[in-house]
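The values are calculated or read from the model by the stated rules, or taken from the named source; none is laboratory data. Keep in mind that this is a model prediction, so the values were computed, not measured. Cβ: placed from backbone, ideal geometry, glycine included. Neighbour counts: every protein chain shown. Each accessible area value is taken on the protein alone, full model and side chains, heavy atoms only, with ligands, DNA and RNA left out. Shrake-Rupley method; radii C 1.70, N 1.55, O 1.52, S 1.80 Å.
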Amino acid sequence: MRNLDDIREEYEFLEGDERYRLLIELGRELEDMPDALKTDATLVRGCSAAVWVYPTETAGDGALHFLADSNAAITKGIVALVIAAVQDKPAREVAEMDVTGALEPFDLKNQLSSNRTQGVPNMIALVKQHAARLALT
């Protein structure tokens, strides 16, 4: 998975439909999430499309690794942006991170319809809650 800085650099050079295509491409690059993990417990509430996020902790180093998926292509790309911001970082760092601020350069609220972005705060909150819980252990 690409890091957020690389994605932002490419995104800034694109306009309109090209940005949609990049989001769709990012969604396709997400690591596969097994269907068995797509449950009510991993479902992000408040999204117009179904979005699932499942946190894991990589052995030994305390870094978080997320599996995520959506049933809508552009939404899946937005999910990929959120995951790119936090993927494989220490739980404590993710818990304290301003994920919303990290995503601001993408100006999602002005680039996409509100129903595509309405679940983003819930997804960020879920990721940060998982990180905070793991940071305490």
For the range 1-47, what D do you get in µm² per second when you plug the Kirkwood radius from alpha-carbon pairs into Stokes-Einstein at 20 °C and 1.002 mPa s?
-> 168 µm²/s
Reach of residue 128 by Cα under 17 Å, taken over lysines that are not fewer than 8 positions away in the same chain | 89
Distribution of pairwise C-alpha distances over the chain, 5 Å bins, in % | 2, 11, 22, 25, 22, 13, 5, 1, 0
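Measuring with a 1.4 Å probe in the full set of protein chains, what accessible area per residue, in whole Å², belongs to the chain? Walk me through the intermediate numbers first.
Numbers: 7290 Å² over 137 residues.
That works out to 53 Å² for each residue.
Among 120-130, 94-104, 29-39, how do they line up by average Cβ neighbours within 10 Å per residue, starting with the highest?
Details: 120-130: 18.8, 94-104: 16.1, 29-39: 12.5.
Descending mean neighbour count gives 120-130, 94-104, 29-39.
How large, in percent, is the carbon and sulfur part of the accessible surface of the range 1-82 at a probe radius of 1.4 Å? Each step should come with its number before you reach the end.
Numbers: 2030 of 4330 Å².
The nonpolar share, carbon plus sulfur, comes to 47 percent.
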Hits among aspartates and glutamates - C-alpha to C-alpha of residue 38 under 19 Å, sequence gap 8 or more where chains match | 29, 57, 69
Tell me, what is the FRET efficiency for residue 24 and residue 136 to the nearest 0.05, using R0 = 25 angstrom and their Cβ-Cβ distance as r?
-> 0.10
Between residue 39 and residue 107, 0.36 nm times their residue separation minus their Cα-Cα distance comes to what?
-> 21.5 nm
